[in-house]
Amino acid sequence: MPANEWSEQYGPWALVTGASSGLGAEFARQLAAKGLNIIMTARRRDRMEALAEELRREHNVESRVISRDLTKSSACDEIAAAVEDLEIGLLINNAGFGQVDRFHKQKTGRQTKMAFLNCVVPVELTEKFLPAMLERRRGGIIFVASTAAYQATPFFTVYGATKSFNLMMGEGLWAEYRKDNIDVLALSPGYTVSEFHEVAGMATHLRKAGATAEDVVSLALDSLGKVPSVMHGRWNKFLMNMGRLLPRKMVLKLSTKFIRQMIP
């Protein structure tokens, strides 16, 4: 899609959560390259301000930085208030984190924060910005799910469950609003090089493995408006499709063996 068509369908502003690093920062870069102005929200203001300057210099777009901890219950209301003067045509629900370990060994409250950030926040932000898109009869929303969304993930249990939520949310809204010219997509990355692995507490040798954020985001933007969901990587697609054919007990055993290796 040419840059002018991106602006017509998804402009003039895109809102990206978790924009200080990883997929979020890459979404900001690639959308700015398509001519969209970028609203970035995450906790680390310094990183986002540096990125905003990069986008202005390289793509001549505007940016607005909103430093918020999205696990706080008031954050979505504060973000909506901070951008009420802007027309947001594209929402990237990217912010999220995982934690690998046995459920009872994880810090009290961290799993609850994970479920809130990964599930509740995308619902709240979609509630706030979808109605205006419907009035304009144009727009788009991306939910970042995961290959973990396709089966139970022992030792990564809550994270996998939240990503199943994101997958179903994206696909369901795609079906609801496709005739209203609102493009919705659920994106399922596999292993991607980012800070995610470190935050999740994965074994050190796994932290630099995987696809690049550039490739994953490029796939998402190429797929938006064409399909309800997309998974990055042929090997990931093969494994997930095989998993649907096997008995669930067998899939759980294989998943357990694989994810156990992530624990340091």
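The values are calculated or read from the model by the stated rules, or taken from the named source; none is laboratory data. The model shown is predicted, which means the values in this text are computed figures rather than measured ones. Cβ coordinates were reconstructed from backbone atoms using ideal geometry, including for glycine residues, and neighbour counts include every protein chain displayed. Side chains are part of the model used for accessible areas, which takes the heavy atoms of the whole protein and leaves out ligands, DNA and RNA. Shrake-Rupley method; radii C 1.70, N 1.55, O 1.52, S 1.80 Å.
Some notes on this structure:
- Loop-located GluC sites (Glu not before Pro) across region 1-106 with a Cβ neighbour count of 11 or fewer within 10 Å are E84, with loop assigned by DSSP.
- Built from the Cα atoms of region 8-132, the convex hull projects on average onto 7.8 nm², one quarter of its surface area.
- Solvent-accessible area per residue, Å², over the chain with all protein chains present [probe radius 1.4 Å]: 49
- Net charge contributed by nearby residues that have their C-beta within less than 11 Å of V83 (K/R +1, D/E -1): -2
- Within the shell of other residues whose beta carbon sits under 10 angstrom from the beta carbon of S188, the net charge comes to +2, with Lys and Arg scored +1 and Asp and Glu -1.
- Restricting the calculation to Cα atoms, region 142-181 shows an Rg/Rh of 1.11 when the hydrodynamic-style radius is the Kirkwood one.
- Shown are H59, H104, H232, whose ranking by accessible area with a 1.4 Å probe and every protein chain present, most to least, is H104, H59, H232.
- Largest-first principal axis extents, alpha carbons of the chain, Å: 50, 38, 32
- Annotation: amide H-H contacts under 5 Å for L246 (H modelled 1.01 Å from N, sequence separation of 5 or more, or interchain): none.
- Just the protein heavy atoms count here, and of the accessible area of region 1-160 at 1.4 Å, carbon and sulfur take up 46 percent.
- Leading residue at positive end of dipole, the chain (Cβ point charges), from I259, P131, M114: I259
- Cut-off 14 Å between beta-carbons: net charge of the residues surrounding M133, Lys and Arg +1, Asp and Glu -1: -1
- Note on T112 and S218: their simple-model spin labels are 4.3 nm apart, each label 7 Å out from Cα toward Cβ.
- Taking all protein chains together, M133, M168 sort by accessible area into M168, M133, largest first [probe 1.4 Å].
- Shown is the FRET efficiency for R102 and A33, computed with R0 = 41 Å from the Cβ-Cβ distance and rounded to the nearest 0.05: 0.45.
- For the chain, a crude dipole built from +1 on the beta carbon of Lys and Arg and -1 on the beta carbon of Asp and Glu, taken about the Cα centre, is about 1560 debye to the nearest 20.
- Rounded to 10°, Cα long-axis angle of helix 22-33 versus longest principal axis of the chain: 30
- Unit charges on C-beta of K, R, D, E only; dipole of region 53-134, Debye: 680
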